[in-house]
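Trainee: If you scroll down you'll find the structure; I have some questions about it.
The values are calculated or read from the model by the stated rules, or taken from the named source; none is laboratory data. The structure presented is a predicted model; accordingly, all values stated were derived computationally and were not measured. Backbone-built Cβ (ideal geometry, glycine too); neighbour counts: all protein chains shown. The accessibility values were calculated without ligands, DNA or RNA, using every heavy atom of the protein model including side chains. Shrake-Rupley method; radii C 1.70, N 1.55, O 1.52, S 1.80 Å.
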Amino acid sequence: FVPGAGGNLELLELQNIGPGPLDWSGEKFDAGLEFAFEGSQVTSLAPGEYVVIVKSLALFESFYDTSSLRIAGEFDGKLDNGGDEIILKYGSITILQFTYQDYWYPSTDGDGRSLVIVDASKPIESWGLKESWKASALEGGSPGMGEGTEPPSGLRRPADLNGDSS
């Protein structure tokens, strides 16, 4: 949670969990948030690689060390704090569709934790269930690095002089 940031620090992290390279150039989000990968900074991912799309790149860069992150760009719209539907499409074909709820984990509703998928290899139908998600281990999450990955040395929250996330 960053005082005064409102929803401008929102982000969506994606990972290629497949065995081969993934071409994102035809994919787009068009519910809750809007973003098209075509013409973005990142249009393909190697296996295991992450990409992040953000609401405000300037704010994101002031909060996180982005030197090693793959950031595709800024999205329009917002992720509703009351819960929202996420739809990823390739042209008119829906690839991924699920709804999350803010009441699942109160610490992810503006209190500094990210909502993280437990197992991305589970059937897509399970992504709309609370049990498929958890609050991030780290306050502020670990965008572009995966859950449980410690941030690189030196990553600090603004005014966090001793690195204790307070």
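Trainee: Report the per residue volume, in Å³, of the convex hull enclosing the C-alpha atoms of segment 33-72.
Mentor: Enclosed volume per residue, from the Cα hull, is 85 Å³.
Trainee: Please state the charge dipole magnitude for segment 15-149, taken about the Cα centre, from unit charges on C-beta atoms (+1 on K and R, -1 on D and E), reported in debye and rounded to the nearest 20. Working shown, then result.
Mentor: On the way: 9 positive and 21 negative charges, 41 e Å.
It comes to approximately 200 debye.
Trainee: Next question. Normalised by the number of residues in segment 1-133, what is the relative contact order in percent for Cα pairs under 8 Å and 6+ residues apart?
Mentor: Taking the mean separation of contacting Cα pairs over the length of segment 1-133, I get 23 percent.
Trainee: In percent, how large is the relative contact order of segment 35-94, given Cα pairs closer than 8 Å and 6 or more residues apart?
Mentor: Relative CO of segment 35-94 lands at 36 percent.
Trainee: Above 17 angstrom, tally the Cα pairs of segment 1-140 and express them as a % of all pairs, no decimals.
Mentor: Every Cα pair in segment 1-140 considered, those over 17 Å come to 62 percent.
Trainee: Provide, as a two-decimal number, the C-alpha radius of gyration of segment 76-148 over 2.2 N^0.38 Å, N being how many residues it has.
Mentor: Segment 76-148 yields a ratio of 1.13.
Trainee: Please enumerate, by chain and number, the lysines with C-alpha under 18 Å from the C-alpha of K55, excluding those fewer than 8 residues away in the same chain.
Mentor: Once the sequence-local lysines are set aside, what remains near K55 is K28, K78.
Trainee: I'd like to check one number: the per residue accessible area of segment 2-110, probe 1.4 Å, reported in Å² as a whole number.
Mentor: Each residue of segment 2-110 exposes 51 Å² on average to a 1.4 Å probe.
Trainee: Suppose we look only past 15 Å in the calculated P(r) of segment 5-44. What percent of the Cα-Cα pairs does that tail hold?
Mentor: Of all Cα-Cα distances in segment 5-44, 52 percent exceed 15 Å.
Trainee: What part of the accessible area of segment 1-107, given as a whole %, is carbon or sulfur when the probe is 1.4 angstrom?
Mentor: Working: 2750 of 5530 Å².
The C+S portion of the solvent-accessible surface of segment 1-107 is 50 percent.
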